[in-house]
């Protein structure tokens, strides 16, 4: 009996030691999460250059070794920690080696290496989480890390089976004179900004930050990694993958800033991390993803400044807004919401207004030159309107200028298929209701259809659409509810910041759809940052409590939304694994 007690004590000590090491790793990653994510991308890039077809046999072997090592390492930790002490270590090792060899054989000869890599990572994440099942002290970080790892693997898989010309927006092609790809290549070849009227070439009117960074990435791949022309340009998707991963990290930090934990932290993070909009944008090489990242960082920096109004905290806000506007000019739409926080802080600290005015002056000195120099340059040199946007007119995709009628038209034909309808693709009409279009577009992009799925599996994206609609409706209702509810973790000015940005961006989106009444303007990519707002709203749902305890209605809503988020993540994953299966065929 004493011997058994000693063994149990040894198991507890060993398990605690393992958990402590994991927590130490978290602390290192948490101190520099964006650097860690970028280094991961840098390591993975030479192995694939953003495409499974670019993987050499030696690269596949390296992925095999990683795929074997991760689950094997976690199983070994399970044994060493005592959590699997009832299993002989040699049996575990033997099973792992045999399974690893079989999987490696299948992986090397498979036509679907991207899907194999996802499955490897999923297995490793599950085993890793199981190995820490008894560690309740760091449960939130364990769950968040697993969510981030699996969602990253899903997006990496998408990048591998998706070409830099597949499901893109306004990208065009390299070695031409049209689109974002052409813009990037122009900078590589000429090493200077366009010296002609930017609006004379399609998409050259955009500010150049994304295109400059992308040109630098391609040059590094060619001159440092030794990649060929096509490999280097395909690898641009890996940079977009980093932006997507960084968005998830930023939202995690945003939720932690407000002290959310448990379900209030992990469920909104899961909803954000597995949203198809970020899977699709991981492979999209236009400027939307970098602009989205910088806007979400602006949210994070702004709420930090609202809590501690120092010069150190206001400079990052100026830099993130300025660089966001250097990426895409409409990123400035977050400025009114930031101004609300500035005015609130000024009103609250009117006696020390001089100190705040110094900060505002520094903010202006940084943000205005960064954000507006491109527009000023083009206006002075060529007289280009700072708000210039190409107008398709009534020649193609025209859906009429009755925006009110379009907004409130929910004819049954719009829900017969969950993918966008386009006349050019042979459908009966062009998608015309912005509300329906952005939901479809957020999940499946513009030109995804039934052909992107194996026969008999279209029910998966169909279910995803209806679950997403339920969550979208809940999101709006939750936001309105928490605006008037007092006992929440967020203070009134925080809620005004997020709700104000949501309202202003949606107003601009509907105005854009009115001014440019074409199907392509109803694209969810213009309002993707609102997913970060939704994450905060759902976090409040799971966090705040009614006085006197939860009501039956609130409990029912929580259970429903919890199930919906889990189902959403599962269906989103299944949808894009099925797309990968077809794309890899």
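Do we have any residue at all in segment 555-574 that's more than 30 Å from residue 299 (Cα to Cα), out of contact with any helix residue (DSSP H, G or I) (no Cβ under 7 Å at 6 or more places or on another chain) and not in a helix (DSSP H, G or I)?
The answer is no, given that none of the residues of segment 555-574 is more than 30 Å from residue 299 (Cα to Cα), out of contact with any helix residue (DSSP H, G or I) (no Cβ under 7 Å at 6 or more places or on another chain) and not in a helix (DSSP H, G or I).
Yes or no: residue 143 surrounded by fewer than 22 Cβ atoms within 10 Å (Cβ to Cβ) and part of a helix (DSSP H, G or I)?
Values: surrounded by fewer than 22 Cβ atoms within 10 Å (Cβ to Cβ): yes; part of a helix (DSSP H, G or I): yes.
In short, yes.
With 328, 312 as the choices, which residue is closer than 30 Å to residue 49 by Cα and surrounded by fewer than 24 Cβ atoms within 10 Å (Cβ to Cβ)? So that I can check it myself, show each step before the final result.
Values: 312 fails: closer than 30 Å to residue 49 by Cα.
The unique qualifying residue is 328.
Matching residues to (1) in contact with a strand residue (DSSP E or B) (Cβ under 6 Å, 6 or more places away or on another chain); (2) touching a residue at least 24 places away in the same chain (Cβ under 8 Å); (3) in a helix (DSSP H, G or I):
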residue	(1), (2), (3)
110	no, no, no
121	no, yes, yes
124	no, yes, yes
137	no, yes, no
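Which condition does residue 445 not pass, out of (1) within 22 Å of residue 282 (Cβ to Cβ); (2) at pLDDT 95 or above, if it passes all the others?
(2)
Of the conditions (1) assigned to a helix (DSSP H, G or I); (2) surrounded by 12 or more Cβ atoms within 10 Å (Cβ to Cβ), residue 424 satisfies every one except a single condition; which number is it?
(2)
Only one residue in 470, 439 is closer than 20 Å to residue 168 by Cα and surrounded by fewer than 20 Cβ atoms within 10 Å (Cβ to Cβ), so which one is that? Break it down into steps so the answer makes sense when it comes.
Values: 470 fails: closer than 20 Å to residue 168 by Cα.
Of the residues listed, the single one that is closer than 20 Å to residue 168 by Cα and surrounded by fewer than 20 Cβ atoms within 10 Å (Cβ to Cβ) is 439.
Can you tell me which of 141, 134 is closer than 27 Å to residue 18 by Cβ, modelled with pLDDT under 95, under 20 Å from the mean Cα position of the chain (by Cα) and in the same structural domain as residue 121 (by TED's automatic domain parsing)?
Numbers: 134 fails: under 20 Å from the mean Cα position of the chain (by Cα).
Answer to the selection: 141.
Does residue 273 count as buried (at least 24 other Cβ atoms within 10 Å of the Cβ) and touching a residue at least 24 places away in the same chain (Cβ under 8 Å)? Give the steps one after another, and end with the answer.
On the way: buried (at least 24 other Cβ atoms within 10 Å of the Cβ): yes; touching a residue at least 24 places away in the same chain (Cβ under 8 Å): yes.
Against the criterion (buried (at least 24 other Cβ atoms within 10 Å of the Cβ) and touching a residue at least 24 places away in the same chain (Cβ under 8 Å)), residue 273 qualifies.
In segment 569-585, which residues are closer than 18 Å to residue 273 by Cα and surrounded by fewer than 19 Cβ atoms within 10 Å (Cβ to Cβ)?
570, 574, listed by residue number.
When segment 164-184 is examined, which residues are found to be in contact (Cβ under 8 Å) with a residue 24 or more places away in the chain, out of contact with any helix residue (DSSP H, G or I) (no Cβ under 8 Å at 6 or more places or on another chain) and not in a loop (DSSP other than H, G, I, E, B)?
If the condition is that a residue be in contact (Cβ under 8 Å) with a residue 24 or more places away in the chain, out of contact with any helix residue (DSSP H, G or I) (no Cβ under 8 Å at 6 or more places or on another chain) and not in a loop (DSSP other than H, G, I, E, B), then 179 is the only one that fits.
Spot the failing condition for residue 370; the list is (1) modelled with pLDDT under 95; (2) crowded, with 16+ Cβ neighbours inside 10 Å, and only one is missed.
(1)
Just checking, which of 248, 303 is in contact with a helix residue (DSSP H, G or I) (Cβ under 8 Å, 6 or more places away or on another chain), farther than 23 Å from residue 564 by Cα and either in a helix (DSSP H, G or I) or in the same structural domain as residue 208 (by TED's automatic domain parsing) (or both)? Working first, answer last.
Numbers: 248 fails: farther than 23 Å from residue 564 by Cα.
303 is the lone residue from the list that is in contact with a helix residue (DSSP H, G or I) (Cβ under 8 Å, 6 or more places away or on another chain), farther than 23 Å from residue 564 by Cα and either in a helix (DSSP H, G or I) or in the same structural domain as residue 208 (by TED's automatic domain parsing) (or both).
Quick one: would you say residue 39 is assigned by TED's automatic domain parsing to the domain that holds residue 132 and touching a residue at least 12 places away in the same chain (Cβ under 8 Å)? If you could, list the steps in order and put the result at the bottom.
Numbers: assigned by TED's automatic domain parsing to the domain that holds residue 132: yes; touching a residue at least 12 places away in the same chain (Cβ under 8 Å): no.
Here the answer is no, as residue 39 does not meet what is asked.
When only residues in segment 200-241 that are closer than 20 Å to residue 322 by Cβ, assigned to a helix (DSSP H, G or I) and touching a residue at least 60 places away in the same chain (Cβ under 8 Å) count, which is nearest to the chain's Cα centre (by Cα)?
Checked segment 200-241; the qualifying residue nearest to the chain's Cα centre (by Cα) is 210.
May I ask you to say which residue of 152, 128 is assigned to a helix (DSSP H, G or I), modelled with pLDDT of 85 or more and either in contact with a helix residue (DSSP H, G or I) (Cβ under 9 Å, 6 or more places away or on another chain) or surrounded by 18 or more Cβ atoms within 10 Å (Cβ to Cβ) (or both)? Give the derivation first.
On the way: 128 fails: modelled with pLDDT of 85 or more.
Within the list 152, 128, the selection yields 152.
The values are calculated or read from the model by the stated rules, or taken from the named source; none is laboratory data. These figures come from a predicted structure and were not determined experimentally. Here Cβ is always computed from backbone atoms with ideal geometry, including for glycine, and neighbour counts include all displayed protein chains.
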